Amino acid sequence: MTAQRNQVSNHIRRALRCVRKHSPLRPRLAILLGSGFDSFAHTLTGTVRIPYARIPGFPETRVAGHSGDLVLGHSGDTPVLLLCGRAHYYEGHSMGEITFPIRVLAELGIESILLTNAAGGIHSKHRPGDVMCLTDHINFMGQNPLRGQMQDGKPCFVDLSSVYDTQIALELRRSARLCKQRFHSGVYLAVSGPSYETPAEIRAFARLGADAVGMSTVPEAIVAHHLGLRVGALSCITNLAAGRNPVPITHQEVLTMGRNLHGQLSRLLQEFVRRHSSKKTRMTP
Ligand code: HPA
């Protein structure tokens, strides 16, 4: 385990060197762009794009519709770092691999991260095209990304009673209102995938308190929270969850809905960055 950990810290050091070599920009805000949110990257100015394949330790993304680039640039006047695409657990990556970029971001000086994803709507009020800000999550992935990680010789018994930052949630809500975007707050349940759920599973998840279901985000949120980052997360409801609609769910449907919304979601993220970086909305300690 120690040799493995040293290997990870070597990778982090090498990844840091690589990113710093490409750009002098030192953003404090990062956004992970999942399905539907990726076109926000085109709204940035003065960008430097680094393919994940060039960054030591970064996992490959193998899914159609998910590019794999780290982008540094400005949204308005605000320097931001984007992770365009993510590696998923269902692709066969380990929890350590999919959360590695978050560890690099923390070392780069990122203080806040917004994680975005596509999700199936469980709540009866959800319609395709809505967004949901995460207030909490249920980890049904069967794995914890902190497993095997030690801190001061002890396992990471991290408190997860407030993973998602309420100030970021407020900024998202206000941004959505300004963009006339249908907005919900709720609980995201993460499954490992890659199959979609059965109607019986969705009925069970609803009873457990889940409002939306997806195959990502929770591992990154846990690691980012553990590393002291302020975490926000936003789902694009691309489809109704299994059984809530008579037609089968397809990956193509998820991608197409994401693409149809790209202008709207880009505007929402631009407004979010503006609010987040303005002094007025900063949380007083
Ligand atoms: N289930 C799981 N993951 C998803 C879904 C879904 O219905 N839609 C988008 N990602």
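The values are calculated or read from the model by the stated rules, or taken from the named source; none is laboratory data. It should be emphasised that the depicted structure is a prediction, and the values quoted were computed from it without experimental measurement. No Cβ is skipped: glycine too gets one built from the backbone with ideal geometry, and neighbour counts run over all protein chains shown.
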Item to check | Residue list for segment 144-172, filter: modelled with pLDDT under 95 and either within 16 Å of the ligand (Cβ to nearest atom) or loosely packed, with under 13 Cβ neighbours inside 10 Å (or both) | outcome: R147, M150, Q151, D152, G153, K154, P155, F157, D159
Checklist entry - Considering G34, G65, which residue is at pLDDT 90 or above and of a type outside the set (D, E, K, R)? => result G34
Next on the checklist: I'd like the full set of residues that are near the ligand (Cβ under 9 Å from one of its atoms), part of a loop (DSSP other than H, G, I, E, B) and not small (G, A, S), limited to segment 207-217.
Outcome noted: M215
Checklist entry - Of the residues that make up segment 176-198, is at least one surrounded by fewer than 13 Cβ atoms within 10 Å (Cβ to Cβ) and either under 19 Å from the mean Cα position of the chain (by Cα) or touching a residue at least 60 places away in the same chain (Cβ under 8 Å) (or both)? => result no
Item to check | Only one of L25, L44 that is crowded, with 16+ Cβ neighbours inside 10 Å, over 17 Å from the mean Cα position of the chain (by Cα) and either among the charged types (D, E, K, R) or modelled with pLDDT under 95 (or both) | outcome: L25
Item to check | Qualifying positions in segment 218-237 - within 10 Å of the ligand (Cβ to nearest atom) and either touching an Asp or Glu at 6+ places or on another chain (Cβ under 7 Å) or outside any strand (DSSP E or B) (or both) | outcome: I237
Checklist entry - What are the residues in segment 207-232 that are on the phi > 0 side of the Ramachandran plot and either free of Cβ contacts under 8 Å to residues at least 60 places away in the same chain or under 14 Å from the mean Cα position of the chain (by Cα) (or both), if any? => result T217
Checklist entry - If you scan segment 218-261, which residues turn out to be surrounded by fewer than 24 Cβ atoms within 10 Å (Cβ to Cβ), closer than 21 Å to A176 by Cα and touching a Lys or Arg at 6+ places or on another chain (Cβ under 9 Å)? => result L240
Checklist outcome for this item: Of the listed residues (I102, I122, I98), the one being buried (at least 20 other Cβ atoms within 10 Å of the Cβ), more than 16 Å from the ligand (Cβ to nearest atom), in contact (Cβ under 8 Å) with a residue 60 or more places away in the chain and of a type outside the set (D, E) is I102
Checklist outcome for this item: Scanning segment 72-91 for residues that are part of a loop (DSSP other than H, G, I, E, B) and charged (D, E, K, R), the one nearest to G46 (Cα to Cα) turns out to be D77
Item to check | Flag for A204 being surrounded by fewer than 22 Cβ atoms within 10 Å (Cβ to Cβ) and either within 8 Å of the ligand (Cβ to nearest atom) or without any contact (Cβ under 8 Å) to a residue 40 or more places away in the chain (or both) | outcome: yes
Next on the checklist: Could you go through segment 169-177 and let me know if any residue there is acidic (D, E) and farther than 22 Å from R230 by Cβ.
Outcome noted: no
Checklist entry - Within segment 185-197, can one find any residue that is in a helix (DSSP H, G or I) and modelled with pLDDT of 95 or more? => result no
Next on the checklist: Just the residues that are closer than 20 Å to I12 by Cβ and in contact with a strand residue (DSSP E or B) (Cβ under 6 Å, 6 or more places away or on another chain), please, taken from segment 49-58.
Outcome noted: I50, P51
Next on the checklist: Step by step: first the residues of segment 130-143, then only those that are touching a helix residue (DSSP H, G or I) at 6+ places or on another chain (Cβ under 7 Å) and not in a strand (DSSP E or B), then the one that is farthest from G209 (Cα to Cα). Which residue is that?
Outcome noted: Q143
Checklist entry - Only one residue in P199, P155 is within 26 Å of V254 (Cβ to Cβ) and not hydrophobic (A, V, I, L, M, F, W, C). Which one? => result P199
Checklist entry - Can you tell me which residues in segment 17-31 are of a type in the set (K, R) and over 24 Å from I168 (Cβ atoms)? => result R17, R20, K21
